[in-house]
1. Ratio of Rg to Rh for chain B, alpha carbon only, Kirkwood?
2. Do any trypsin sites (Lys or Arg not before Pro) in segment B:114-146 lie in a DSSP loop with no more than 14 other beta carbon atoms within 10 Å, and if so, which?
3. Can you put A:Met179, B:Met220 in order of accessible area, largest first, using a 1.4 Å probe?
4. Give me the accessible area per residue for chain B, probe 1.4 Å, as a whole number in Å².
5. Can you give the Kirkwood hydrodynamic radius of segment A:288-333 from its Cα pairs, in Å with one decimal?
6. How would you order B:151-161, A:215-225, B:330-340 from highest to lowest mean count of nearby Cβ atoms within 10 Å?
7. Which listed residue (A:Val162, A:Leu144, A:Ser220) has the Cα farthest towards the positive end of the charge dipole for segment A:136-254, taking +1 on Lys and Arg C-beta and -1 on Asp and Glu C-beta about the Cα centre?
8. Could you give log10 I(q)/I(0) at q = 0.09, 0.11, 0.13 Å⁻¹ for segment A:44-184, computed by the Debye formula over C-alpha point scatterers of equal weight, without solvent?
Amino acid sequence: MHDETMASGVYLPELDVIPARDTREVHRLRFHGHAGDYFRIWIVNVALSLVTLGIYSAWATVRTRRYMYSNTTLGGSPFDYLARPVPILKGRLLTVLIFAIYAFAGRIAPALQAVAVLLVAGFMPWLIVKSMMFRARYSSWRGLRFYFSDDYAGAYKWYLGVYFLMGIPFLLILLVAMMGHPGFGMLLGFAAFTGIYPWIKGHQQAWVVDNHHFGGKSFSFDDAIGNYYGVYVKAAGVALVWFLPCIALFSTAAVLINKGNPQAFNPKMPSPYFILGVYAVMAPAYLGVWTFVHTRMTNLLYNQAQLGQYRFRSTLAYWPMLGLYLTNALAVLFTIGLALPWARIRTARYRAEHLEVIGEGDLSDFVRDAFAHGEIGATATEMDSLLGIDIGL
Amino acid sequence: MVPAIYFDGRSTHATRVDAWRDGDTLRWRGADGTQEWSAPWITIEPSARVTGVPFTLHVRDGGHLQIDHDALPADWFPRHHLIERVVDRLERRWTVALAGIAVVVASLFVLFEFGLPWAADRVSAHLPRAVEQAMGKQSLDALEGRLLMPTALPAERQSHLQAVFRHFVGGMPGVPGVRLAFYGSKALGANAFALPGGTIVFTDALAEAVPDDDAFIAVMAHELGHQANHHMLRQVLRSSGVLIVASMLMGDVTSMGGVAAGIPMFLVDSHYSRGFEEDADRFAFRALASQGIDPEAFVHAMQALERAHPELKGQELRYASSHPLTDERIARAHEASLQFRAAKATADARAGR
């Protein structure tokens, strides 16, 4: 959630389908950041944050984020990140307090922790709205701010309510199993799951886009739900292709290693090498599947969105993205994090290069809208970065 | 004249302008010369300097002027963003960046090595006793019936050991409300650990493995050392602290928090445990000596433990409360034993005279 690229990308207009009036006028997004500059900014700010016991971290966040936003330009004009450090600091402190209570509660009484989890789950949609409002409120382009409507009802519907529907597959499994056909039940449950999940994800994207506004216009969304079934069906295929060879490879290796080892494999206390092996094999497979879903969902998000007469075109491709993420992960791992600024910069560059705004006009026809422009607290956005809530952007 | 781009804050229309300072006023004029604007200098809010990022000069009516990073005259806003001015100067130098790496490494070390333990100990000292008891009760409830089964020790052996325990604790100040509980446990083997709130768990296998009462007391004394110093509570607070701080850092430093957070957790945990083990050992040696038992009994107990866990020979012996059996610890026990004997010899000599 701290991915600056995503943050700056979310509020941009995106296109895929040819707009009502046929046009070839394309406005490209550009990213002008340099890894060297960003590295120096980043390391100095991390060092200052640590030395000040985290107090400075709010200022650090604002500075690093401003660098990423301002180096992303559309039509020659940079985006701007306008949040103030003090509200971020307040939100961060409150979040630490809440998280500390939560972490400690589990050691005294798990029941307490369960209550906390339920409480957070109940507040989650509210948190999502607040967090989106914060990001939109403090992102601007050419002096106009983005805006996110405070649609709490919609958030509760699409980020909490619909998950109760997910109970249907499990009920089905249970019912059919009780009637004596557990295999058939599993199949039916799986089918129900496949039917519901893409539908939920599609509507969540539609909700997010529909509630964003810029320059007196609302974003609108085509919401062709069928597209999401395509993504998830293909994702299932990609998962199979990734996991089967990985598991085969790992089992072969495990058997070979265990042969020379007289001690029987103890499932209760697997050796560290076994755990390491599982991670080493599963991480690339997981990354392979996650990248696929992420890439396709991002493309769908932008390509179905529209702002005024402008559409968007996102052309992220699977293999380049996978290569990017894989090399990023390896570089960050082998430099103990020092390659992180470089990784962020090249990700931002790739993403900006594959996003276009299409529409007749020079992007100067947006006007300040009448939406309320009060200040918004940063606690929600801090909490959601800590909890790593995946809003699906 | 400074080239700039003017946005009026009411639309996304961009106007190329030239801006200049005219006494107490900022003025800017369209490139074609037809339009001119102005604003009082003190109402202008400039953005802070960041390498490669254009300046925005916010005007009170919501508009702003965008000026290239290198184009803003140095004397225009000398008193704004003083802190960020310094930070910006630091961010421009590669030497500072290299120093920054050293600072990050050093402060992480100090934070995890000293800062967190210190803070956790302060908190644990102020927590009500009820919290500690709740923690111990919860852990015992979680273990009972899963790892800990009802004891199969003969009743007379149990009552004998209980009596030895009570006698030992009775002669010792500073450990109120402790109790000894026996459990059978295949998974834990020969084992003992101190739960917060006063319960010391002793497994049947260990009760059978200890060669004599003195060795039994030595293990007991060690666990009482954990108890008296509230080690479990402090350990829990420390690892919670590590978890919280690591997540906060990861939130900003990397999104691979899940994996990475586990590493400091593990390092710190095993490390702290060792410090606590030494404390508990010292406590045990003192307690044994004060009741006239040779601390050498501790070595006997440890050797018995090692015999009961033949598969771990040569490795660090770990169990629920992590008791690495190292040569160091044995050496310290020998040393304590020597001191004890010397003191005893002196005392005997005095008594004899």
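The values are calculated or read from the model by the stated rules, or taken from the named source; none is laboratory data. In this text, all values refer to a predicted model and were calculated from it rather than measured experimentally. Positions of Cβ are backbone-derived with ideal geometry, glycine not excepted, and every protein chain shown enters the neighbour counts. Remember, those area values only see protein heavy atoms, side chains included, never the ligands or the DNA or RNA. Shrake-Rupley method; radii C 1.70, N 1.55, O 1.52, S 1.80 Å.
1. A ratio of 1.30.
2. Those that pass, being in a loop and sparsely packed, are B:Arg146.
3. Largest accessible area first, the list is A:Met179, B:Met220.
4. 50 Å²
5. 11.7 Å
6. A:215-225, B:330-340, B:151-161
7. A:Leu144
8. Per q value, in the given order, log10 I(q)/I(0) is -0.49, -0.68, -0.85.
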